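Quick note: the coordinates plus some simple rules give every number you see, no bench work behind them. A quick note: this is a predicted structure, and the numbers were derived from the prediction, not measured. Using ideal geometry, Cβ is built from the backbone for each residue, glycine included, and neighbour counts are taken over all protein chains shown.
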Amino acid sequence: MSTSAPLPSATPVSPDEFAGRTALVTGAASGIGLATARRLGEGGARVVIADYNAEGAASAAAALRDESVEASAVTVDVTDPASVEAAVRFAQDTYGALHLAVNNAGIGGESAPTGDYDIDVWNRVVRTNLDGVFYSMRYEIPALLAAGGGAIVNTASILGSVGFAGSPAYVAAKHGVVGLTKTAATEYAAQGVRINAVGPGFIDTPLLQGMDKQAYDGLVQLHPAGRLGRSEEVAEVIAFLLSDRASFVHGSYHLVDGAYTAR
Ligand code: NAD
C-alpha cells in the first residue's frame, strides 16, 4: 500500500541551515528517521544514523554519503542505556560535539484490548517507545549542554493525545513521550536547549507494512486530508523545530496529521 497523492512541490533547502552542526537520529535506518536524516543532511548537518538494524543503518549512511551528506552509522539499542550512551559518545568523538538529536526509534506492537494485552509486548513497546526516549535524552542533554546548546525533537504520535482501541502500550508510551518532552523543555529552556515533539498521523512507512487494503483504507478514512502522510512531510516539520527559525519554540507538541485529531 502507498499513498498516491503527489508530494507538494519541495521548498528549496538552504545547504547552510545546519552547517557546522552534528545531528544524531535514532531509528534512522528507515521511514521517518531516514527521511529526517536526509533532510538534516541536505541542510548541511553532519548526520549520525543510529539504529539497531546495523545493516540498514550502514546502507542508509552510505546512501546519504552518495548524496554528498556527511553521514556515519552507529548501532544502538535505545532500550539499553549503555548502548545509547555509547552512541552519543560516538557522535561526539566522530564530529567533535553533538548539537541536534531526533529520538525517533519506535515499534508498533500487536493489537489487543487492554484486558487481553500480552504483558511481554507491553514491556517491549514501553521500553522502546518511552524508556528509549528517556535514555536518549538522558545522554544527549549533557552533550548538548557541553556543545553550548542545541535542540531535540522526540517523535511521539497523534496517539500521544488521543486513544486508539487495541494499542494500549503504544498509546500510553506516546502520551508519556509528550509529557517527558514538556518536562525536559521547561528544565533546559534557559540553558539554550530547546526540546519539542512531533505527533505524526498515520504515515506510509515500513511500520504499516503487511496491512491489507481494507485496513489501509480504514486508516485513510480517519484523515480528513484523504490520504496518509509521507515521511518527508514529518521530516520537514522536525527540521523546522530543530532550526534557528524555531528559536522560541520550546516544549511544543506539533501535530503533522492531515487533521486526524481536529475531526
Ligand atoms: P520504521 O519501522 O520505518 O522505522 C523505525 C526504526 O526504528 C527502524 O529502523 C527500526 O530498526 C528502529 N528501531 C526499532 N527499535 C529500535 C531500538 N530498540 N533501538 C534502535 N532502533 C530501533 O517506522 P516509522 O514509521 O518511520 O516510525 C518512526 C517513529 O515514528 C516511531 O517512533 C513511530 O512510533 C513514530 N510514528 C509512526 C507513525 C506511522 O504511521 N508510521 C505514526 C506516528 C508516529
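Cβ crowding within 10 Å, taken as a proxy for footprinting-reagent exposure, orders VAL162, VAL178, VAL153 from fewest neighbours to most as VAL162, VAL178, VAL153. Taken one residue at a time, the phi angles of the stretch 200-209 give Karplus couplings (6.51, -1.76, 1.60, θ = phi - 60°) of x, x, 6, 10, 6, 9, x, 4, 9, 4 Hz. Gly and Pro are set to x.
Judged by the gyration tensor of its Cα atoms, with axes a ≥ b ≥ c, the stretch 1-113 is oblate; a/c meets the 1.5 cut and b/c is at least as large as a/b. Taking amide H positions as modeled 1.01 Å from N, with prolines and chain starts lacking one, the residues under 5 Å from ALA197 and 5 or more places away or on another chain are ASN154, SER252, TYR253, HIS254. Please list, ordered by chain and number, the residues whose modelled amide H lies under 5 Å from the amide H of TYR52; skip anything fewer than 5 residues away on the same chain. Residues meeting the criterion, in which the H sits 1.01 Å from N, are GLY27, VAL76.
When the chain is fully extended, how far beyond the present Cα-Cα distance does ALA82 get from SER59, taking 0.36 nm per residue of separation? Please report the intermediate quantities before stating the final value.
Working: separation 23, 0.36 × 23 = 8.28 nm, distance 2.40 nm.
So the chain would gain 5.9 nm between ALA82 and SER59.
To make sure I understand, if each residue's beta carbon is the centre and we count other beta carbons within 10 Å, what order do LEU145, LEU130, LEU219 fall in, fewest to most?
Details: LEU145 14, LEU130 21, LEU219 17.
In order of increasing Cβ crowding within 10 Å: LEU145, LEU219, LEU130.
Note on the chain: helix-only mean residue ellipticity at 222 nm, from DSSP H runs of 4+ residues weighted -39500 (n - 2.57) and normalised by residue number, equals -12500 deg cm²/dmol. Multiplying the residue separation of ASP66 and ALA215 by 0.36 nm and removing their Cα-Cα distance gives an extension gain of 50.0 nm.
For the chain, the convex hull drawn through the C-alpha positions has a volume of 123 cubic angstrom per residue. Go ahead and run the numbers for FRET between ARG227 and GLU187, Cβ-Cβ distance against an R0 of 51 Å, rounding to 0.05. With a Förster radius of 51 Å, E is 0.85.
Counting neighbouring Cβ atoms within 10 Å and putting the fewest first, the residues THR26, THR114 line up as THR114, THR26.
I need the helices of the chain that pass two filters: whole DSSP H segments spanning 20 Å or more by Cα along the axis, and mean Kyte-Doolittle score no lower than 0.0. Kindly include the intermediate steps, with their values, before the conclusion.
On the way: long enough: 81-95 (21 Å, -0.07); 132-146 (22 Å, 0.75); 168-188 (30 Å, 0.18).
Qualifying helices, which must be both long enough and hydrophobic enough, are 132-146, 168-188.
Scanning residues 5 or more positions from GLY229 or on other chains, those with amide H under 5 Å from its amide H are PHE202, ILE203, ASP204, with H placed 1.01 Å from N in the peptide plane.
Compute the projected area of the convex hull of the Cα atoms of the stretch 34-93, averaged over all viewing directions, and report it in nm² to one decimal place. Please report the intermediate quantities before stating the final value.
Working: hull surface 15.2 nm².
The number I arrive at for the stretch 34-93 is 3.8 nm².
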